[in-house]
Structures are given as structure tokens and as C-alpha cells.
């Protein structure tokens, strides 16, 4: 992933992981608030110049990590409760 948020096809990190990293950083930065819908898969395909399956894998990775949820027939949404950032350790229970 390049510093400006573009996919670097020559990078050792796979494009779907780069996309997940870009979107995760945007969520952490507050560009996408909890409950807000992310751009459509088609918009992400066009914006980043990657295949739709790559977009789906990246979004699926974020879903597995707890950053986003898929709502059938609607799209992908930032979860209401975000996971702790690596820089912000979880508070003890």
C-alpha cells in the first residue's frame, strides 16, 4: 500500500490486504463513522483499479476483524462497536 492510499501491485502485500489496510486506516481516522455505509463494491473496484473479488476479500477480512458488517442488498457498513486499534490496547475486563 502506498502512503497516499493507492494499491501498489508490485508490493509484497496482496492487493486485498492493502485495500483492507486503507479502509481500516480511514475508519480509524474517522473518515467513516460507525454505522455509516462504505462505498459500493463497484466504486471500490473503480477507485482502486482492482477486481471485484479482490474488493470482496478485503471487505471480508475487515468483517472478520470486526471493522465492518455486510447487510444483504444494502452494502457494507462500519460496525457500531469498533475493535481496539493496535495503538490502543483493550482495557482489562
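The values are calculated or read from the model by the stated rules, or taken from the named source; none is laboratory data. For clarity, every value in this text was computed on a predicted model and none was experimentally measured. Quick reminder, even Gly has a Cβ in these numbers, built from the backbone with ideal geometry, and neighbours come from all protein chains shown.
General observations
For every residue, the table says whether it meets (1) within 19 Å of residue 7 (Cβ to Cβ); (2) exposed (fewer than 14 other Cβ atoms within 10 Å of the Cβ); (3) without any contact (Cβ under 8 Å) to a residue 40 or more places away in the chain.
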{"position": "17", "(1), (2), (3)": "yes, no, no"}
{"position": "27", "(1), (2), (3)": "yes, no, no"}
{"position": "41", "(1), (2), (3)": "yes, no, yes"}
{"position": "53", "(1), (2), (3)": "yes, yes, yes"}
{"position": "66", "(1), (2), (3)": "no, yes, yes"}
{"position": "75", "(1), (2), (3)": "no, no, yes"}
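- Residue list for the stretch 36-51, filter: over 12 Å from the mean Cα position of the chain (by Cα) and under 15 Å from residue 22 (Cβ atoms): 43, 45, 46, 47, 48, 49, 50
- Taking the conditions (1) under 10 Å from the mean Cα position of the chain (by Cα); (2) at positive phi in turn, residue 62 satisfies each one other than (2).
- If you go through the stretch 52-93 and keep only what is at pLDDT 95 or above, under 16 Å from residue 22 (Cβ atoms) and not in a strand (DSSP E or B), you end up with 54, 55, 56, 57, 58, 59, 60, 61, 62, 63, 65, 67.
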